[in-house]
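Colleague: The structure's right below; bear with me while I get my questions together.
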Amino acid sequence: MIRIAAVGDIHVRLGHAGRWRRQWSALAADADVLLLAGDLTGEGTVAEAQVMVAELRDLPVPVVAVLGNHDYHLDAEDEITRLMRAVGVVVLEGDGVVLEVASGRLGVAAVKGFGGGFAGRCCAAYGEREMKAFAGHTIELAHRLRSALTGLSSADAVVALTHYAPVPDTLAGEPLELYPFLGSYLLGEAIDTVGADLAVHGHAHLGTECGTTPGGVEVRNVAHAVIRRPYAVYEVPARG
């Protein structure tokens, strides 16, 4: 079994130095990898990112991350990504990576994702250019997730990592009015089209941990406010 630790929405702020590093001290005993599901900073400032990367430096397991909407808020996502990569974090956006861990080869495909809603109650790329732009962004990112998953055929197990939700199941507890801004069924379709062993996301602080895509892939909402622990650990079998 490959052991995957995951958490999202940690929202690191300037006064948080040392907080997460202490909580991640047991990672090596619990997991083979740590996945971060976005919203790693509070307001998307470079100063917050500097505190956050100090928490991540020299952790005992590989770290793979996707950014969230908070990390994009001030248009500093490129600098945040650069800082994270400088301490060895694999930051993905529309691409994937295969990691050699103790139990096999773990493939991670990641994209931030976007809103749009879910089958039967979703926006469409039709009408005003603003609506077409909104829906079109989700369509593009879903295509990129599908492409990233397709490139992981050499992996023994595959995880889809997003910030926005790929299914409505894990949004239970959130106001229905917010569903169109919390995720899109197109992400779930991309996962089901190519296949994965697990899908992990954040963003929905009032949601529910467990869900499933229509095709049967397990989905986990790992927003810190949902899992209420430094990270949740999930096991997936290695096919090799």
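The values are calculated or read from the model by the stated rules, or taken from the named source; none is laboratory data. Predicted model only: the values in this text are computed from it and were never measured. We place every Cβ from the backbone using ideal geometry, glycine too, and count neighbours over all the protein chains shown.
Colleague: Between a first residue in region 179-208 that is over 17 Å from residue 36 (Cβ atoms) and touching a residue at least 40 places away in the same chain (Cβ under 8 Å) and a second residue that is of a type in the set (Ser, Thr, Tyr) and assigned to a strand (DSSP E or B), which pairs have beta carbons less than 7 Å apart while being 6 or more apart in sequence or on different chains?
Modeller: If the second residue must be of a type in the set (Ser, Thr, Tyr) and assigned to a strand (DSSP E or B), the pairs left are 187/162.
Colleague: Pick from region 105-131 the residues that are surrounded by fewer than 20 Cβ atoms within 10 Å (Cβ to Cβ) and touching a residue at least 40 places away in the same chain (Cβ under 8 Å): which of them is farthest from residue 204 (Cα to Cα)?
Modeller: Filtering region 105-131 for residues that are surrounded by fewer than 20 Cβ atoms within 10 Å (Cβ to Cβ) and touching a residue at least 40 places away in the same chain (Cβ under 8 Å), the one farthest from residue 204 (Cα to Cα) comes out as 105.
Colleague: For region 30-75, give me each residue that is in contact with a helix residue (DSSP H, G or I) (Cβ under 8 Å, 6 or more places away or on another chain), among the β-branched types (Val, Ile, Thr) and within 19 Å of residue 222 (Cα to Cα).
Modeller: 41, 61, 63
Colleague: Further, regarding this structure: In region 2-28, which residues are at pLDDT below 95, part of a loop (DSSP other than H, G, I, E, B) and either within 18 Å of the chain's Cα centre (by Cα) or not basic (Lys, Arg) (or both)?
Modeller: Once the filter is applied, which keeps residues that are at pLDDT below 95, part of a loop (DSSP other than H, G, I, E, B) and either within 18 Å of the chain's Cα centre (by Cα) or not basic (Lys, Arg) (or both), region 2-28 yields 17, 18, 24, 25, 26.
Colleague: Can you list the helices (runs of 4 or more DSSP H) lying wholly within region 38-93 that have 3 or more residues being more than 19 Å from residue 111 (Cα to Cα) and either touching a Leu at 6+ places or on another chain (Cβ under 8 Å) or not charged (D, E, K, R) (or both)?
Modeller: 46-56
Colleague: Enumerate the pairs (first residue in region 55-68 and in contact (Cβ under 8 Å) with a residue 12 or more places away in the chain; second residue anywhere and aromatic (Phe, Trp, Tyr) and not in a loop (DSSP other than H, G, I, E, B)) with beta-carbon separation below 7 Å, excluding pairs fewer than 6 apart on the same chain, so at least 6 apart or on different chains.
Modeller: Partner pairs satisfying both residue conditions: 55/20.
Colleague: Looking at region 227-239 only, could you name the residues that are farther than 16 Å from residue 195 by Cα and either touching a strand residue (DSSP E or B) at 6+ places or on another chain (Cβ under 9 Å) or modelled with pLDDT under 95 (or both)?
Modeller: 227, 229, 230, 231, 232, 233, 234, 235 - these are the residues of region 227-239 that are farther than 16 Å from residue 195 by Cα and either touching a strand residue (DSSP E or B) at 6+ places or on another chain (Cβ under 9 Å) or modelled with pLDDT under 95 (or both).
Colleague: Of all residues in region 219-236 being among the charged types (D, E, K, R) and surrounded by fewer than 16 Cβ atoms within 10 Å (Cβ to Cβ), which is nearest to residue 178 (Cα to Cα)?
Modeller: 228
Colleague: Here's something else I'd like to know. Just to be sure, is residue 79 more than 23 Å from residue 198 (Cβ to Cβ), more than 17 Å from the chain's Cα centre (by Cα) and in contact (Cβ under 8 Å) with a residue 12 or more places away in the chain?
Modeller: Considered against the rule, which asks whether it is more than 23 Å from residue 198 (Cβ to Cβ), more than 17 Å from the chain's Cα centre (by Cα) and in contact (Cβ under 8 Å) with a residue 12 or more places away in the chain, residue 79 comes out as yes.
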